[in-house]
Each structure stands twice: as C-alpha cells, then as structure tokens.
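Everything on this sheet refers to the single structure shown next.
What follows draws every value from the coordinates through simple rules; no lab data is involved. Quantities reported herein were computed from a predicted structural model and do not represent experimental measurements.
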Amino acid sequence: MWKKLEPYKSSIILLTALVIGGAIGIYLPDFALTLKPIGQIFLNLLFMIIVPLVSVSVMSSIASMTDLKKLGKMLGIILVVSIMMAIIPAVSIVGLASIFDPAQGVTLELAKDFTAEAGKIDFASMLTTNDFVGLLSKSNILALIVMSIIAGIAIGQSGESGKKIADLLNSLNEVIMKVVSIIMVGAPVGLGAYFASTMASQDPELLVTFARAIGLFFAATAIYFVVGSTFYSWIGGGTNAVRAFWKNAFEPSATALGTCSSLGTLPVNIRAAKNMGIKDDIVDICLPLLANLNKGGVAMIAALKIVFIYAVLGLEFTPEVFFITIVISVLSAIIVGGVPGGAFLGEIFIVTSLGLPIECIPILVVIGAITDAPATMLNVVNDLNATQIVERFMKRGEKLETQSQTNLQQA
C-alpha cells in the first residue's frame, strides 16, 4: 500500500500541510496571522534562487540541444508540434473556464489593495529589459528566458569554447538543484504557514472554488484525453494510427498516473511507441526530447490557474491577458515544466509575469498538487501522439526529397 503511494509522497505531505494551514487560518485566524513571517521567509528563499535556476537551466538545455544540428529538421518539427499541442489545451481550458466560472462570485480578500493594469500590459517590457541588471529581477522572468535561449544557442554554436561553458553550466545546474532541494525541505511548513495567514481573512466559501476549478480540470482532462488524442493520432497517420494508439496507450497512461513523472514513464512510452509501429530511430530521438518539451497537461493547468486567480481576485480577463496567458502556458509547457527540480517554478512564473500578489502562490500550489497526476498523464499520451505526427512529416519530407532527386536525375 505505502509503496503504491510513494510517487505521491511529496504531494500528500504538501497537501496535508496546506489543509492544516487552511484549517488554522479559518478556525484560529489571530494565530494564523502570526505565522506569515515563516511563510514569507520560505517564499523569499525561492525568489532568491529563481533567477539562477531559470537562466542556468534554460541555457544548459538549449546548449545541449544544439548538438542535434544534423537533426535540425526533426527538432524543428518537434518544437512546432510541442507549441501547437500546448496552445490547443490552454485555449480549450480558458474557453471552458469562461463558460463554467469556477470562482462563482467568490473574491479573494487581500491585506493590501491590489490593482492590475488590465488591458495595459507592456509586452516589450515583459519580453525585454533596457539594462542587463533588469534580468536579475524575478519580475522579468519572461525577459530572462528570452535572453537565456539566445545565450544557449550562442554557446552551442561556439565550438570548443562553447563546450567548456556548457560543461560549466551543467555542473552549476547540479549545484543549483541541490540548493533548491535544501530549500524545499521547508516547503510544507513554509507554504502551510503562508496559506494559514492567507485564509485567516478569507470567506470559507473560497475553499469551494478549489473544488470547482479542480473538477473543471478533471472533466477537461477526460474530454481532451479521448478527443484530443484521437485527433492527434489521426493527423499522425489516419485511422490505422488511431487504432495503433488506443491499442497501446493505456499502459503508459496508467504508469503516468502512478509515477506522476513523464521521465519515469519514458521507458514504458518508448516500448508503446515501438509497438505502435513507429520507426525505432524516430522513437529513440523524439520521445526523450518530447518528455521535456511537450507538456500539454502543464499548459492546460497553467492556463486554468491564471483564469482562476483572475476570477477570485475580481480582475477583468481582457484579450491582452488572454494572449499573455497562452504565452505563459506555452512557456510553462516547453521550458518551465522541463526545468528539473524547479518546484513551484510554475506558480512563481505566473505570479511574477502577471504582477500578481504573492498571496496567490499557495492557492495555485493547491490546484497544481491535486492535478499533478492527470496533467502528467496528458503529457505522456501527447508524447506518443506527437511522435506519430513527427514520423508522418519526416516521411513526407523524405518522399519530397527523393522525388526532387529523381526529377534532377531525369533532367
């Protein structure tokens, strides 16, 4: 029994701490408010490590990817497919949330007045800064990611000199991950304390909104799992590909639900993909990359978190906010979700990118922890679908190339 629960250990501990914190906030509000400094210290520690964590992780990952220059075409297809398979679930969940509002009029009360400049988002300032020092602020995470990608590409294209820097970044990344693991020891206490202080001044009805949001995600997951996977498989090879997918998809799906890890499910996914008849060379290259890049479940829950928090804060969800929601969801799926050990990075990414109050972080963590398993399942099955699509486009490219060579020979 306990072995079966082992993959969920950290989530169970964290959720238990948050439940206890929420109960203290509701029933012992005066005491809960005294706990806020404990939670603030924990969040500040995370904020202090966020810049080196994101920059080093992204740079080292991109620098390593450039070793696949000979497979540039395949990598390009993988990136395009991953982006599209992040946009579709993100847009879908925003649409559902706009119809079935999970907040239902419940508003989060903040200790300080907060006003978001809805409709006045400065995209230039979000994606860039006018000074290098600006990249060292957690408030400029999007700009930091943009520059880290550019730097990673430059490192990968710099030959031997770049290789030395890439090796140094990999070593530095290991050290930063160790720092994160040390900080995360205090996660249950820190987040539990902060959630207690947040709930101390809230209407208990706010807890009901969690159930609505999570229920909405589970319903969307079930629909997307069936309809989305079937549609993607059809794109990847028609009705035969659909039959092959559903014949082999349940074992990886069950493994993903049990492990809550895309990487942990990778061996099972590779076997399933080969049983589906996908070429071995494509499977062996695509699936390891897709396990880090293609996270439709992450994109879906990131979009839902933003819609939910805007609803409970009583903020207007403008077209500009919708656009940046999709951008954040895609980046969460392709970059943030692939940062190893980057616990709570998604929540911090959302809050800092949109300039939301940090009181939102524990609330987003609750949603993220409960939806982790089904989100992972979507990530895994989407990897199989994406591999089918990549194989189809690679075959088409080979046919066009062969036909072109034949025409040249005939000429």
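Before moving on, here are some points about what is shown:
- For the range 219-301, alpha-carbon Rg and Dmax in angstrom: 12.4, 36
- Cα centroid separation - the range 213-238 against the range 166-182, whole Å: 36 Å
- Working note: Karplus 6.51/-1.76/1.60 with θ = phi - 60° gives the range 127-136 the couplings 8, 9, 10, 8, 7, 4, 4, x, 5, 8 Hz, where Gly and Pro are set to x.
- Compared with the direct C-alpha span, the chain from Leu136 to Val189 gains 16.3 nm at full extension, assuming 0.36 nm per residue.
- Per principal axis, descending, Cα span of the range 152-305 in whole Å: 57, 48, 26
- Every Cα-Cα pair of the range 141-193 was included, and the share exceeding 18 Å stands at 55 percent.
- Compared with the rule-of-thumb size 2.2 N^0.38 Å for a compact globular protein, the range 226-385 has a Cα radius of gyration ratio of 1.11.
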